[in-house]
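These notes are about the structure you will find just below.
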Amino acid sequence: MIARVLWAWLLRLLLPLIFVRLWWRGRREPGYRLAWRERLGLGAASAPGAVWVHAVSLGETRAASALIDALRARAPGVRILLTHGTATGREAGAPLLRAGDHQCWLPYDTPGATRRFLQRHQPAVGVLMETEVWPNLILQAQRAGVPMVLANARLSERSERKGRRLSWLIDPAARALSLVLAQTREDAARLSAAGALTVEVSGNLKFDMSPDATLVARGRRWRQALQRAVVMMASSREGEEQPLLQAWLAQAAPRPLLLLVPRHPQRFDTVAQIVRDTGLNLQRRSQWTDTPAPDAHQADVWLGDSLGEMPLYFGASDVALLGGSFAPLGGQNLIEAAACACPVVMGPHTFNFEQAADNAVAERAALRVADIDEGVARAIELTRDALRAQWAERAAGFAQMHKGAARRMAERIVQLAGVRIGERVMQARVEPAR
């Protein structure tokens, strides 16, 4: 109790600085300057009885799309309340909405803001994606009688060690969750140790994400027109691009085309300058439309400075280096690459997706290397390998084999909410959307 009160007062004191930071970030990402009242639990109300899904950022929103589809299949007519914490997540979530759905920011985790949010929206059930355990939010939901689910939940060994420092705050919130749907047995064991009472293993939602076939096909046409091998650095993080480019320049010419896709859009210009500083010829995806510019085929590096086009980039690539895995950042999601039949070369740091990474290596859908120098060498080697097509086939098979988490999670969420969703679905069928 004391810990949660201290946490609430700390947030209240920091709110002015938080809003200043939002305004500052809005210079490059205008979405952060939208609907600030919602972050305090104010703003327009949605229709009561929705399934509330919180997907904080872009990756969680993409995973949530598979769950939302499965919820609609399991409970036709269900309304969705979709919340986010980042501008990229909110932008990616907008196309998922249907008539009667609602989208807004998740309020900051103060008692007043979370209470107002729940009073305004009155969801039938709340679903937090992956790691979003907010103490005051979960307590206010418990008081309001809203069951809370942590879906696609994961907790790495590293995060568990860090979490022990805040166990006085996090453990009570974990115990108040109605249900935790973990990605793996290892995640389930760690989440149980953290205090969660009802934990089940349901798999990873990211396997149920279907890449846009049109984008994949367009990428393959780009690759065919290039008549050059393409190595992609997928979702690079700050501090990874310079070592990558140094390792790239150390390889003998002629080299493949390097397709560099930063994780965060606010870094596009910075990464472009890093590439130019090496003397490599750069072309930016944002400078052409559906077809690369005529002089793009002679470039050394393409910068993937666009949003929502990862399937296109994977489709255009012979092999992908996994961003976030060559520095101690935990790695990015390799499943989307596999679903696009793009083999992956990853570094040693994959604790964010530990089980998926280990399974991919075991099933020969991915390679693990010691560092970025070895990664670049092996990736280029793989583009020249006569067996590359078999690597691509195994990658696609790996992604297909592990599907099914969305259906399992949707069934448990609907069971947990029970008649609350059923009643609201019936109302949605006879009442016009408001």
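Below is a table of values for the structure above.
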{"quantity": "Ranking by accessible area, most exposed first, for Lys403, Lys162, Lys206 with a 1.4 Å probe", "calculated": "Lys162, Lys403, Lys206"}
{"quantity": "For peptides 235-243, 218-226, sequence by mean Cβ density within 10 Å, most packed first", "calculated": "235-243, 218-226"}
{"quantity": "Read-out Rg and Dmax of the Cα atoms in Å, derived from the coordinates shown; its label in [x] 24.3, 74; [y] 23.4, 82; [z] 22.3, 68", "calculated": "[z]"}
{"quantity": "Most fluctuating residue given options Pro147, Pro95, Pro48, as computed from a GNM of the chain linking Cα atoms under 10 Å", "calculated": "Pro95"}
{"quantity": "Fluctuation leader among Leu334, Leu181, Leu97 - the chain, Gaussian network, Cα springs under 10 angstrom", "calculated": "Leu97"}
{"quantity": "Length-normalised contact order for the chain - Cα pairs under 8 Å, 6+ apart - percent", "calculated": "16"}
{"quantity": "Of the DSSP H helices in the chain, those whose Cα atoms cover at least 15 Å axially and whose Kyte score averages 0.5 or more", "calculated": "2-25"}
{"quantity": "Residue with peak Gaussian network fluctuation, the chain [Cα springs, cutoff 10 Å], from Ala339, Ala151, Ala250", "calculated": "Ala250"}
{"quantity": "Estimated distance in nm for a label pair at Ala293 and Leu42, the labels positioned 7 Å out from Cα along Cα-to-Cβ", "calculated": "4.6"}
{"quantity": "Solvent exposure ordering (accessible area, 1.4 Å, most first) of Glu38, Glu130, Glu91", "calculated": "Glu91, Glu38, Glu130"}
{"quantity": "Relative contact order of region 253-349, defined on C-alpha pairs under 8 angstrom at six or more residues apart (%)", "calculated": "25"}
{"quantity": "Accessible-area ranking of Met401, Met310, largest first, probe 1.4 Å", "calculated": "Met401, Met310"}
{"quantity": "Distance in nm between pseudo-label sites at Arg228 and Arg185 (7 Å out along the Cβ direction from Cα)", "calculated": "4.7"}
{"quantity": "Potential lengthening between Arg33 and Gln246 on full extension [0.36 nm per residue; Cα-Cα distance subtracted]", "calculated": "72.9 nm"}
{"quantity": "Relative contact order (percent, whole number), region 77-219, Cα cutoff 8 Å, 6+ residue spacing", "calculated": "16"}
{"quantity": "Under 14 Å, Cβ to Cβ, from His264 - net charge with Lys/Arg +1 and Asp/Glu -1", "calculated": "-2"}
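The values are calculated or read from the model by the stated rules, or taken from the named source; none is laboratory data. In this text, all values refer to a predicted model and were calculated from it rather than measured experimentally. All Cβ positions, glycine included, derive from the backbone under ideal geometry; neighbour counts span all protein chains shown. For the accessible areas, the whole protein counts, side chains as well, though only heavy atoms, and no ligand, DNA or RNA atoms are used. Shrake-Rupley method; radii C 1.70, N 1.55, O 1.52, S 1.80 Å.
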